[in-house]
Amino acid sequence: MIIEPSYILQLTVSGFLMGGVYSLIALGLSLIFGVMKVINFAHGAMLVWGMYISLTIMRLTGIDPFFSFVASAAGLFIIGYFIQRIVVNRIMTFHESMQVIAMVGVMMILENMAQIIWGPDPHSPHTKYSLSTVWLGGVMIDVPRLLAFWIAILIATLVFLFLKYTDLGKSIRASADNRTGALLVGTDVNKVYSACFGIGAACVGVAGALLVPLIPTSPHVGFPFKLTSFCIVILGGMGSLPGAMIGGLMIGVAESLGTIFIPSSLKQVISFSIMVLILLLRPRGLFGGKGS
Amino acid sequence: MKKKMNRRTFLKYSVAMGATTTIAGFPAILRSQPKEILIGSVQPVTGPLADIGIACRRGNQMAVDEINAKGGIKSMGGAKLRLLLGDSEAKEEVGRSEAERLIKDGAVCIVGPFMSGIAMAIATLCEARGIPFVIDIAAADAITQRGYKYTFRCFSTVSTFMSNMGEYIAQIVKEKGVTIKRIGVTNTGDLFGRVQGKAWIDYIKAKKLPFEADVVEHIEYPVGVADLSAEVAKVKVAKPDILCPVTRPGDAKILVRELFKQRVELLGIVSPGAPGLYEPEFIRDMGKLADFVLNNVPWVNPRSPKFREINERFAKLYPGKYVDTNSGYAYLGVMVIADALDRAKSTKPEDLLEALRKTNYKENPMVGGAVQFAANGDNLNASSAMIQILKGEIKVVLPKVAAEAEYVFPTPQLWER
Amino acid sequence: MRKLYCLIAFILIVLLILPTIFSDYILGIFVMIFFYAYLGQCWNILTGYAGPISLGHSLYVGIGAYISTKLAMDFGIPPWIGMWIGGTGAALVGMSIGFLGFRFGLRGIYFVLLTIAFAEIGRLIALHLKPLGHMMGLFIDFKPGWTNFHFRGNLPYYYIGLGYVVFSLIVVRALEVSKWGRYFVALREDEDAAESLGINVFKYKMIAIGISSFMTALGGTFYANYIFYLHPTSVMSMWVSIEIIMRPIIGGIGTLFGPLIGSLLLTPLSEIARSYFTKAGLEGIHIVIYGLLLVVAVLFFPGGIFAFLKKILKPLMGDSKEI
C-alpha cells in the first residue's frame, strides 16, 4: 500500500476537525462526572435530542444549525436540568451500578421518544455549507467540519471562562472539589448540581446541532459517541476541561490515522485500548487532578 | 389495553360460534372455517433498522387490508385476515420470543423478519412448533440450507443477487464499451453488509466476470459510523473505476457526500444490492448527488399493473413514500400466504404447508417471475433488477424486459452536476 | 428460619409443577426469566458480594457460547462437556482482566470502564475472527436430543433453566455461609479495613471474578443452544451487559434472591409492555415505558425489591437474620 504524505495529512486534518466535536461531547460528560461523580449513560441520547432540535428549527425556519445551536443548547439545558432534579439528584449517593440502570432508563426514554416524535428515518438535510470544501494543496478541508470545530472551541472556552469567573461557576468548582465544604459555606448544592448538569447537557446539545450537517440524524446514533466520549474523558482526566478538549482531538486523530493500519470496523479498538492503557498506567488521565 | 379485549373477544366469539353452530345444526365443515385468520408479523420496528422495519410492517398490513377489502379468503367463507404485530427490536431472542407469542395468540403463519439472524431463530422455532414461516425479506443463504420444512423465502438469496449483478455489469461493460478493471468495495460491518460485501468480492475473485477485474480496495466500517473521511480517503488512493458500496440508510448519505467532498473520480457508483441508496429520504436529502446511482435490488416491477395499483395506495396512505424493496416484498409475503390459505381451504398447519409448497403466485409486483418455492423453501424466480436514480426518480434500467428507462453509464462525476 | 425454608420449598414445588399447565409461550418467558436471573446471580457474586463492578459480563457469555459451540460443531463434543471448557476459558479471561484491574488498584468507576473497554474490544475482535463465522455469525444446526442440548418444545429448556437458577442459588448460599463469602463482604464494605485485618484482598477479588466469569460462561452455552444463532453483536454487546445487571440491581444487589426476584419482575414487564403497547404508529412506546419503570424502580426501591419484600414478609419470617 502506497502511503502518500497528502493522504496522511488528509486523515490527520479530518480526524483533528472531527475531534473538535468529540471534545465538546466529552466536555459535557467530564463536567457532569467531575462534579457529580455520575456516569451519564444518557449522554448519547442527549446528543440526539440536540440534533433533532436543530433539525426541526431548520425544517421550520430554514435557520442553519450553525446558528440554531443556541436553541439546542437552551433546550438541552432545560432537559438536563430536569433530569438532574428528578433523577440524578436522588441517585448520586447510590451504588454506581444503580446509577447506571437509572441513566440507562433515561436513555431509553429519550431515544424512543425521539423516535416516536420524529420517526425512525435518518435525516441528512442539505444545508448551505454541508457540501462546501476548501482545498489546501491536496488536502480537502471539510467546511461544516471546520465550522463545527471552531464553534466547539468557542463554546468550550465560554464554559471555561464561566467556571472560572462567575459566582455560579466557582460554586460548581467548589462543589466538585469538596462537597461538604461547599455545603458548609452555604452553597445551594442542589442548584449548583442542576446548573452543572444543565451546562453539561447544553454542551452535548450544541455538539448535536453541529453534527446535523455531518451525520444523519436518527434516534440511535448517539451510542458510539457515548462510548468514545468515555474513552476521551478517561484520557483527558475526569473533570478536566482542557483534558476533554485535548483528549478529543487526540482520539479524533488516532481513530483517523488508525484506519491506515487496521480495518475501519475495528476503529474503536484504538480508543478502547487507549482507555485501557490510561486506566492502568495513569488513571487520572493526562490532565486529571489528584489520584483516582 | 385494546388488544387484550380483542383477543378475549375473539376467543369468546369463537366459543360462541362453536356453540351456535352445534345448536343450530350447521354442517360440521363450517366449524373449521374461522371468521378471522391471524397472521403474525415480526419486524424490527424499533432499534437501528426501525425505518425499514416500519416500512415492512406497512407492506404486510397493506396486503392484509387489500385481501379483506376484496372479501377475505373466499374459499373459507370470506374469512378476514388480521395481522398480529410483533417487534423484534432487531434482537434474535426478542424476535424468537415475539414469534412464540404470536403463535400462542393464534397466528397460523409467521411473516418477517428482515434480518437474517432473526430469521434463523424464528425458522428454528417454527420448525419445532410446526408452524409455517414465510420470510418476506432475509438474504443469507444459510437459512434455507438447514433442511427445514416449514420455512419459505420470497426474497432472493445472496448468490442470486451476485449472479444478477455480474450479468448486469457484464452487460453494461459490453454495451457501453467501457473498461472496468479496478473495483472498490465498501460495506457496513453488520451481518447483511458483510455477507453482501464478501459475496461480491468472492464473485469477482472467482473470475466470474467475463472481463479482467480486481478488487483494489475493500473497506468495512462500523454500522452507525459518523465519519467516513478516512475510509473515503483510502478509496481515493486506490483509484477504483467503480465503487460498489453495501450501505445502510444512514451511512449511504455520508458516503456519497464524502465522495463528493474528496473529489473521488469514478465511472459510477454501482451497488450489488443495498438499502440506503433508494429510499425517498436519500433522494430528498442528497438532491443531485443521488442521481445516477445504480443499485442491484429485488425491486418492484414498474411494468406490472399490480405494482402501479399498490404504489398508488401506499403513496396515499403514507405521503412522500413509495413502495420499494422492503415494503414490496413484505406485501408479497402476505399475499403469498393469503393465496396459500385460499388453496388450502383450512388453517391447519399441514394443509397450509402443502399449499405453500405448491405456490405459483403470478400477481407478483416485484421483478422476477411467479413466486414458486423450491424444495428447500427458496423462491425459484426471485430476482433483482438494476435501478438507477434519474432526475430524482427511481427507474428500473435492467433487465430490458422490465426497464422503464435507458441507463446512463459512465455517470457524470458528483461535482460536475 | 424454618418458615423461610418452607416458603422456598413451596415456591420450588410450584415452579416445578407450573409447566404442566403453561403454554410454550409462557414457558418461553420463564426460560428468559431463568436465563437472566442466572446471569444476574453470577454477576452478583462479583459485584454484589465482593464489590468490583463489572459492566462487561457479556464478554463471558460470549466466550462460553462460542467455545462450547465450536467444540460441538467442529469436534462433536456435546455442549454438556463443552460448557465446562467454555467456563474455564472465560475464567481465564476474567481473571486476567481482574489481575490488571486489581493489581493496578482500579476501583469503582475506573474498574467499570476497564470492564466496558475489554468487553467492547472482545466484541470487536470476535466480529473479525473467521472461525467464529465472522461474516454471518454462527448458524447452529438444530439436532434435537439430550446430548446435543437441543429440544423441540420449551419444556426441557424450562427445567434446565430452573436447574441453572437453583445451581446458582446453591453456590451463592454456600459462599454466603463460608469463609470466602465473609471475606467477600468484608472487602466490599471496606477494602482498606479488610486489608489491614490481614485479608488478602487481591486473592479474594480474583477468586470472586474467577467464579463469576466461569459461571456466566455456562449460561452462554444455554443461550447458544436455545437461540441457535451466535453473533458478537447479539451476545457480547453492551446491551447484554446492561440486561445482566438490571435484574440484581432492581431485585437487590448482594442478596441471595435479588437477581431472581428482579428477573421475575422485569422480564414479564418488558414482555407485557411489548405485547400491549405495540401499536402501529407508536413504535417504541413500549421501550419508553420500560425505561420509565427502570427509573421508577431505582428511585423508589434503592435497596432493591428484595429489601422491600423483606419488610412486608417480616411477620412470616420471624426473626431470621441470615438472609
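The values are calculated or read from the model by the stated rules, or taken from the named source; none is laboratory data. Quantities reported herein were computed from a predicted structural model and do not represent experimental measurements. With ideal geometry, Cβ positions are generated from the backbone for all residues, glycine too; neighbour counts draw on all protein chains shown. Protein only, heavy atoms only, side chains kept; ligands, DNA and RNA dropped before computing areas. Shrake-Rupley method; radii C 1.70, N 1.55, O 1.52, S 1.80 Å.
Things to note:
Quick grid of which residues meet (1) assigned to a loop (DSSP other than H, G, I, E, B); (2) facing another protein chain (nearest Cβ under 8 Å); (3) within 18 Å of C:SER54 (Cβ to Cβ):
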| residue | (1), (2), (3) |
| --- | --- |
| C:TYR204 | no, no, yes |
| C:ILE211 | no, no, yes |
| C:SER241 | no, no, yes |
| C:THR267 | no, no, no |
| C:LEU282 | yes, yes, no |
| C:ILE289 | no, no, no |
| C:VAL295 | no, yes, no |
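Matching residues to (1) part of a loop (DSSP other than H, G, I, E, B); (2) open to solvent by 10 Å² or more (accessible area, probe 1.4 Å):
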residue	(1), (2)
B:ILE110	no, no
B:ALA121	no, no
B:VAL134	no, no
B:GLN171	no, yes
B:ALA199	no, yes
B:TYR203	no, yes
B:PHE211	yes, yes
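- Only one of the listed residues (A:THR228, A:THR259) is over 18 Å from the mean Cα position of the chain (by Cα), surrounded by 21 or more Cβ atoms within 10 Å (Cβ to Cβ) and β-branched (Val, Ile, Thr). That residue is A:THR259.
- Filtered residues of region A:110-121 (kept if open to solvent by 10 Å² or more (accessible area, probe 1.4 Å) and in contact (Cβ under 8 Å) with a residue 24 or more places away in the chain): A:LEU110, A:GLU111, A:ILE117, A:TRP118, A:PRO120, A:ASP121
So that you can scan it fast, the table gives a plain yes or no per residue for (1) in a helix (DSSP H, G or I); (2) under 11 Å from the mean Cα position of the chain (by Cα); (3) touching a residue at least 40 places away in the same chain (Cβ under 8 Å); (4) within 14 Å of another protein chain (Cβ to nearest Cβ):
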site	(1), (2), (3), (4)
A:LEU9	yes, no, yes, yes
A:LEU29	yes, yes, yes, yes
A:GLY34	yes, no, yes, yes
A:PHE41	no, no, yes, yes
A:ILE63	no, no, no, no
A:ALA74	yes, no, yes, no
A:ILE78	yes, no, yes, no
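This table checks each residue for (1) more than 21 Å from B:LYS358 (Cα to Cα); (2) without any contact (Cβ under 8 Å) to a residue 40 or more places away in the chain; (3) within 14 Å of chain C (Cβ to nearest Cβ).
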{"site": "B:GLY117", "(1), (2), (3)": "yes, no, yes"}
{"site": "B:GLN145", "(1), (2), (3)": "no, no, yes"}
{"site": "B:LYS149", "(1), (2), (3)": "no, no, yes"}
{"site": "B:ARG153", "(1), (2), (3)": "no, no, no"}
{"site": "B:LYS176", "(1), (2), (3)": "yes, no, no"}
{"site": "B:ILE180", "(1), (2), (3)": "yes, no, no"}
{"site": "B:GLY189", "(1), (2), (3)": "yes, yes, yes"}
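- Residue in region C:91-108 that is open to solvent by less than 20 Å² (accessible area, probe 1.4 Å), part of a helix (DSSP H, G or I) and more than 13 Å from every other protein chain (Cβ to nearest Cβ) present: yes
- Taken over region A:250-273, the criterion of being away from chain B (no Cβ under 14 Å) and either in contact (Cβ under 8 Å) with a residue 24 or more places away in the chain or not in a helix (DSSP H, G or I) (or both) is satisfied by A:MET250 alone.
- A:THR180 being more than 14 Å from chain B (Cβ to nearest Cβ), open to solvent by 50 Å² or more (accessible area, probe 1.4 Å) and closer than 26 Å to A:GLY288 by Cβ: yes
- Output for region B:92-108, where each listed residue is among the hydrophobic types (A, V, I, L, M, F, W, C) and either free of Cβ contacts under 8 Å to residues at least 12 places away in the same chain or open to solvent by 10 Å² or more (accessible area, probe 1.4 Å) (or both): B:VAL94, B:ILE103, B:VAL108
Table: residues versus (1) of a type outside the set (Gly, Ala, Ser); (2) under 30 Å from B:VAL223 (Cα atoms).
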{"site": "A:ALA174", "(1), (2)": "no, no"}
{"site": "A:LEU183", "(1), (2)": "yes, no"}
{"site": "A:CYS203", "(1), (2)": "yes, yes"}
{"site": "A:PRO219", "(1), (2)": "yes, yes"}
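Residue-wise test of (1) at pLDDT below 90; (2) buried (at least 24 other Cβ atoms within 10 Å of the Cβ).
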site: B:SER271; (1), (2): no, yes
site: B:GLY276; (1), (2): yes, yes
site: B:ASN296; (1), (2): no, yes
site: B:LEU317; (1), (2): no, no
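- Checked against the criterion of being at pLDDT 90 or above, more than 11 Å from chain C (Cβ to nearest Cβ) and touching a helix residue (DSSP H, G or I) at 6+ places or on another chain (Cβ under 8 Å), region A:83-92 contains one or more residues that satisfy it.
- If the condition is being open to solvent by 30 Å² or more (accessible area, probe 1.4 Å) and either part of a helix (DSSP H, G or I) or at the interface with chain C (Cβ under 9 Å from one of its Cβ atoms) (or both), then region B:69-88 contributes B:ALA69, B:LYS74, B:SER75.
- Residues in region C:270-311 that are surrounded by fewer than 21 Cβ atoms within 10 Å (Cβ to Cβ) and in contact with a Phe, Trp or Tyr (Cβ under 7 Å, 6 or more places away or on another chain): C:ALA273, C:ILE285, C:ILE289, C:PHE301, C:PRO302, C:PHE308.
- Some residue of region C:73-86 being within 14 Å of another protein chain (Cβ to nearest Cβ) and either open to solvent by 10 Å² or more (accessible area, probe 1.4 Å) or in contact (Cβ under 8 Å) with a residue 12 or more places away in the chain (or both): yes
- Out of A:GLY186, A:GLY237, one residue alone is open to solvent by 10 Å² or more (accessible area, probe 1.4 Å) and on the phi > 0 side of the Ramachandran plot. It is A:GLY186.
- As for region C:45-64, it holds no residue that is among the hydroxyl-bearing types (Ser, Thr, Tyr), open to solvent by 10 Å² or more (accessible area, probe 1.4 Å) and under 24 Å from C:HIS231 (Cβ atoms).
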